[in-house]
1. Hey, any idea what % of the chain's accessible area is carbon plus sulfur with a 1.4 Å probe?
2. With a 1.4 Å probe and all protein chains left in place, how much accessible area per residue does the chain have, in Å²?
3. Kindly identify region 81-130 as rounded, prolate or oblate by the Cα gyration tensor criterion: order the square roots of the eigenvalues as a ≥ b ≥ c, call it rounded if a/c is under 1.5, otherwise compare a/b with b/c, prolate if a/b is larger, else oblate.
4. Give me the angle, in degrees from 0 to 90, between the Cα long axis of helix 102-117 and the longest principal axis of the Cα atoms of the chain, rounded to the nearest 10.
5. Just LYS109, LYS152, LYS82 to compare: in a GNM of the chain, with alpha carbon springs under 10 Å, which one fluctuates most?
6. Which aspartates and glutamates have a Cα lying under 20 Å from the Cα of LYS95, excluding residues fewer than 8 positions away in the same chain?
7. Distance in nm between label sites at ILE47 and TYR93, each 7 Å beyond Cα in the beta-carbon direction?
8. Say R0 is 30 Å: what FRET efficiency, to the nearest 0.05, do LEU134 and LYS59 get from their beta-carbon distance?
Amino acid sequence: MSDFKWYAIHTQVGYEEKVKSMLENKLKSAGLESEVEEIFVPLEEVIEIKKNNKKEKVKKCLYPSYVFVKARMSDKLYNLVKRMSFVSGFVGYGKEPVPMDESEIRQIKERVESSKEAPRLSVSFEPGESVRVLDGPFANFTGTIEEVDIDKGRLRILISIFGRSTPVELNYNQVEKVE
């Protein structure tokens, strides 16, 4: 059985790829490359719908603020990672990193692979959110999302017209969130 185990490194959100790159460089300069078998940032391919209703394939971090590393844990490695910029440390108890179960990593890798074959639609709308209608006969009205239809890229929104809630179906690109 290998003494390499998977660990999760907690990073600042949005710095996962940078931390991976920095870690690779620091391992080389410290002569610790043999202590790490793999560094993994799970990126999922998703399709986002832009304002002009154009679909664009983008990569999104599946686990924001986490980098996974298969390593032989040592004090040197622990301290090297802990002192890195944009890193708060290993996931664990105090100074004791807790190894992850191999099956968890396998599931994450399977999800990454399946996203390459069939990217899912990335939707940032949720029922109950307030939105403003951008175009069409209800332009400038605000309403509440009642239903999200991911497959069709449509929303059912309740808009108050003359004091009555009226359901309206619109495309994602016809609305914007109200802060």
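1. Working: 5210 of 11070 Å².
The value for the chain is 47 percent carbon and sulfur by accessible area.
2. Per residue, the chain has 62 Å² of solvent-accessible surface.
3. Numbers: a/c = 2.54, a/b = 1.54, b/c = 1.65.
Since a/c reaches 1.5 but b/c is at least a/b, the shape of region 81-130 is classed as oblate.
4. 50 degrees
5. LYS152
6. Candidates past the 8-residue exclusion: ASP3, GLU35, ASP75.
7. Between ILE47 and TYR93, the simple spin-label model gives 4.7 nm.
8. Numbers: r = 27 Å, r/R0 = 0.91.
So, using R0 = 30 Å, E works out to roughly 0.65.
The values are calculated or read from the model by the stated rules, or taken from the named source; none is laboratory data. Quick caveat, the model's predicted, so the values are computed rather than measured. Please note: Cβ atoms are built from the backbone with ideal geometry, for glycine as well, and neighbour counts cover all protein chains shown. The accessibility values were calculated without ligands, DNA or RNA, using every heavy atom of the protein model including side chains. Shrake-Rupley method; radii C 1.70, N 1.55, O 1.52, S 1.80 Å.
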